[in-house]
Amino acid sequence: MQVIPTAIADVLIFEPKLFGDERGFFMESFNHKAFAAAVGHEVQFVQDNHSRSARGVLRGLHYQLPPHAQGKLVRVTQGCVFDVAVDIRPDSPTFGKWVGAELSESNHRQLWIPPGLAHGFLVLSDSADFLYKTTDYYAPQAERSLRWDDERVGIAWPDPGVPVLLSGKDAAAPGLAEEVVCAYESGDGPLTASHLASVRKAAKSSMPKGKLVAKQNRF
């Protein structure tokens with residue numbers, strides 16, 4: 001298993017070793033010991049999810065508030081998606097930054113998105129089967145969304161060849177400054193007024209923009 005770092009320190013790409021011949025292939029898609037060594041700590045997954053989406057479907061950007069924040073290990077078994085993680089941890093040096101990677105049935109890549117990041121993906125093939133493990137159970141009362149095209153975050157989504165299709169909830173999601181700063185709570189409780197002020201300032205001034213940054217954030 002090859003581990004590839006990204007521009008957000010603890011977001012990692014995993015490339016499993018493939019053994020193939022005329023019969024097909026075999027790969028180890030998950031190994032608890034190897035995964036813990038790569039991320040630097042023990043991780044317990046409690047739920048596996050599977051979605052199928054058509055070309056142009058964009059799901060996200062989703063996250064859950066503490067104490068139900070989810071880490072996700074995601075992969076594609078059919079088709080191709082552009083998968084994105086956005087750092088919304090107020091104390092993080094990469095707060096507001098994003099990284100993206102193409103995940104497909106041919107490259108077998110997996111993306112690890114730790115708790116505290118928003119996640120979403122755009123389908124680039126006619127359809128895609130998207131599988132992911134989570135470190136916490138789905139908690140609808142803690143579920144939140146971040147706007148997929150927030151200019152302050154500046155995600156450079158690829159062109160799927162058809163109009164982007166969103167759920168009503170995702171289409172109405174607020175931007176980073178409105179939603180994350182006001183609704184996101186740390187594991188120790190609500191953010192203080194001074195902390196909120198500093199995060200609001202960061203959300204307004206330090207979001208990555210432009211094609212150069214976008215290229216640097218793709219892996």
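The values are calculated or read from the model by the stated rules, or taken from the named source; none is laboratory data. Worth saying up front: this structure is predicted, and the values here are computed from it rather than measured. Cβ sites come from the backbone with ideal geometry, for glycine too, and all protein chains shown count toward neighbours. For the accessible areas, the whole protein counts, side chains as well, though only heavy atoms, and no ligand, DNA or RNA atoms are used. Shrake-Rupley method; radii C 1.70, N 1.55, O 1.52, S 1.80 Å.
Listed values, structure above:
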| item | result |
| --- | --- |
| Qualifying residues in the range 49-92 (those that are without any contact (Cβ under 8 Å) to a residue 60 or more places away in the chain, open to solvent by 30 Å² or more (accessible area, probe 1.4 Å) and more than 12 Å from TYR132 (Cβ to Cβ)) - the one farthest from the chain's Cα centre (by Cα) | GLN78 |
| Per-region count, the range 32-48, residues under 15 Å from THR135 (Cα atoms) and either surrounded by 15 or more Cβ atoms within 10 Å (Cβ to Cβ) or free of Cβ contacts under 8 Å to residues at least 40 places away in the same chain (or both) | 8 |
| Filter result for PHE121 (within 18 Å of MET27 (Cα to Cα) and assigned to a strand (DSSP E or B)) | no |
| Test: THR77 is among the β-branched types (Val, Ile, Thr) and part of a loop (DSSP other than H, G, I, E, B) | no |
| Breaking point among (1) open to solvent by less than 10 Å² (accessible area, probe 1.4 Å); (2) hydrophobic (A, V, I, L, M, F, W, C); (3) more than 25 Å from PRO16 (Cα to Cα), for LEU122 | (3) |
| Cβ pairs under 9 Å, 6+ apart, first in the range 160-178 and within 11 Å of TRP148 (Cβ to Cβ), second open to solvent by less than 20 Å² (accessible area, probe 1.4 Å) and assigned to a helix (DSSP H, G or I) | GLY175/ALA203 |
| Selection count, the range 126-149, where residues are open to solvent by 20 Å² or more (accessible area, probe 1.4 Å) and either more than 17 Å from the chain's Cα centre (by Cα) or of a type in the set (S, T, N, Q) (or both) | 5 |
| Count of the range 1-19 residues which are in a strand (DSSP E or B) and either under 13 Å from LEU73 (Cβ atoms) or open to solvent by less than 60 Å² (accessible area, probe 1.4 Å) (or both) | 6 |
| Check on LEU111, without any contact (Cβ under 8 Å) to a residue 40 or more places away in the chain, closer than 26 Å to GLY24 by Cα, assigned to a strand (DSSP E or B) and out of contact with any Ser or Thr (no Cβ under 6 Å at 6 or more places or on another chain) | no |
| Residue list for the range 64-79, filter: aliphatic (A, V, I, L, M) and farther than 19 Å from ALA173 by Cβ | LEU73, VAL74, VAL76 |
